[in-house]
Amino acid sequence: MPPHPLRVGVIGTGHLGSRHAQIYATMAGVRLAAVCDINRARAVSLARSLRCRAVADYRDLLQEVDAVSLAVPTRLHASIGLALLAHEIHVLIEKPIAARLSDADALMRAAARSGVILQVGHVERFNAAIHAAMQHLTHPRFIEVHRLSPYPFRGTDVSVVLDVMIHDLDLLLLLVRSRVAHIDALGLPVLSRSEDIANARVRFASGCVANLTASRVSDESIRRIRVFQEDNYLSIDYKAQTVELAQKARRRIRRLSLPVNQRPPLQDELASFIRSVRTGARPVVSGADGRAALALALRIENTMRRAKRQ
C-alpha cells in the first residue's frame, strides 16, 4: 500500500454521488477528503456520516484532493471538469461525458495537457455479466436492448437517450466495432421537457443491426441485452447479473447459464479509476470512449427530433 492515502473528493451528492462517496470512504489506501454540493445541508449530512469535510463550492476542494468523482448535472460537466483538470486533478466524470462534442474535446485536451486520468462513468462496462459474456461475443448480427425504469423524480436535464440509453450505446460500440451506417429513431416526452421514452434502430457497416428501447417512465425496471450471432445467442440481464447462452446442438437448441462472478459494478468502476490514477494506465472507459458514445447519442437525438418535425 502507498505510504500516503490518495485524497479523493466527490462533487455532487445526489443519489449517485452519495454512493461514490460511501464507496471511497471504505477503500484501502484512499481518504475521502471532502464532499461538495450547492445544497450545503445535504453535503454536511453526508460528510458527517462519512467523517469528511463538506463544502458548497467546488473551488474550495482544488488544493485538497488528488482525484474527484464529478456527479453534477450534465450541463456543468465541462466547466467544472475543465477547472479540475487545469489543477492536475484526476477526474471520473459521470456519463455522459458532456452535453456537446466540443465540450468533450475540450475535456480530453485538458486531461492530456495536465497528464491526468479522465475516466467516464459508463458503469455497465464493469458489470460482471458483461465480462462473463464477452468471450462468447465474437460476431454480433442482431442486438436487442431494453432499459426501462420508473420515473426518477430528480433533475432530468437531458433526454432519456443521454440519461440512460447511452450506457447501451457505449457497449454497442464496444461489441460491434464498426461504422454506424444508418439510424432510425423515435422518442417523446411524457413527464419531462425532453424525451422520456425512445427507440432507436442502428445499422452498422458490418451489417449488424441493433434495436434499442429506453424508458424512464415504465412501471417496472428492466435492463437486458440480447445478442444474436450466426450460431448462438446470449441473453444478458444487467440487473440480475446473469447470462444465458443458447446454441445449436444437432436438431435442438441447448440453453445453459454461464457462470458469473457477481459483484457491485460501481465498486469495481471506482476501484479501476483509483488503479489508473496510481499507475497511469489508460482507464477502461477513456475520454475518447465517452466521446464516441456521446456522438452516437446525439445522432440518435437529432434523428428523433427530425422525425418529430416531419
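Below are the figures for this structure:
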{"item": "Rounded if a/c under 1.5, otherwise prolate or oblate - the range 186-284, Cα gyration tensor axes", "result": "oblate"}
{"item": "At most 11 other Cβ within 10 Å, DSSP loop - chymotrypsin sites (Phe, Trp or Tyr not before Pro), the range 221-310", "result": "none"}
{"item": "Fluctuation leader among Ile93, Ile117, Ile130 - the chain, Gaussian network, Cα springs under 10 angstrom", "result": "Ile130"}
{"item": "Relative exposure of Glu64, Glu269, judged by other C-beta atoms within 10 Å (fewest first)", "result": "Glu64, Glu269"}
{"item": "Nearby lysines by direct alpha-carbon distance to Lys308 (threshold 29 angstrom, same-chain neighbours under 8 apart not counted)", "result": "Lys95"}
{"item": "Three-way shape label, the range 2-117, alpha-carbon gyration tensor, a/c 1.5", "result": "oblate"}
{"item": "Packing-based order for 174-182, 4-12, 54-62, using average beta carbon neighbours within 10 Å, highest first", "result": "4-12, 54-62, 174-182"}
{"item": "Extended-chain gain in nm, criterion 0.36 nm per residue less alpha-carbon gap, Ser79 and Leu62", "result": "4.7 nm"}
{"item": "Computed [θ] at 222 nm, deg cm²/dmol, the chain (DSSP H ≥ 4; -39,500 (n - 2.57); rounded to nearest 500)", "result": "-10000 deg cm²/dmol"}
{"item": "Pair Ser221, Arg141: separation of 7 Å Cα→Cβ label points (nm)", "result": "3.5"}
{"item": "Beta bridges per DSSP with both ends in the chain, % antiparallel, nearest 5", "result": "60"}
{"item": "For the chain: Kirkwood Rh in Å [reciprocal of mean 1/r, alpha carbons]", "result": "20.3"}
{"item": "Pairwise FRET efficiency - Ala249 versus Asp105, Cβ, R0 = 45 Å, nearest 0.05", "result": "0.35"}
{"item": "Where only C-alpha atoms are counted, convex hull volume of the range 246-292 per residue in Å³", "result": "144"}
{"item": "Extension gain from Asp157 to Gln267, taking 0.36 nm per residue of separation minus the Cα-Cα distance", "result": "37.0 nm"}
{"item": "Calculated FRET value between Leu258 and Leu191, using beta carbons and R₀ = 45 Å, to 0.05", "result": "0.75"}
{"item": "Efficiency of FRET between His87 and Arg40 - r from beta-carbon atoms, R0 25 angstrom, step 0.05", "result": "0.65"}
{"item": "Candidates Leu101, Leu256, Leu118, ranked by Gaussian network fluctuation over the chain, Cα under 10 Å, top entry", "result": "Leu256"}
{"item": "C-alpha center-to-center spacing [the range 237-301, the range 66-109] in angstrom", "result": "22"}
{"item": "Hypothetical label at Asn199: residues of the range 152-184 whose amide nitrogen lies under 13 Å (7 Å Cα-Cβ projection)", "result": "184"}
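Bear in mind these aren't lab numbers, they're just calculated from the coordinates by the rules spelled out. Owing to the predicted nature of the structure, the values given are computational and were not obtained by experimental measurement. In this analysis, Cβ positions are derived from the backbone assuming ideal geometry, glycine residues included, and neighbour counts consider all displayed protein chains.
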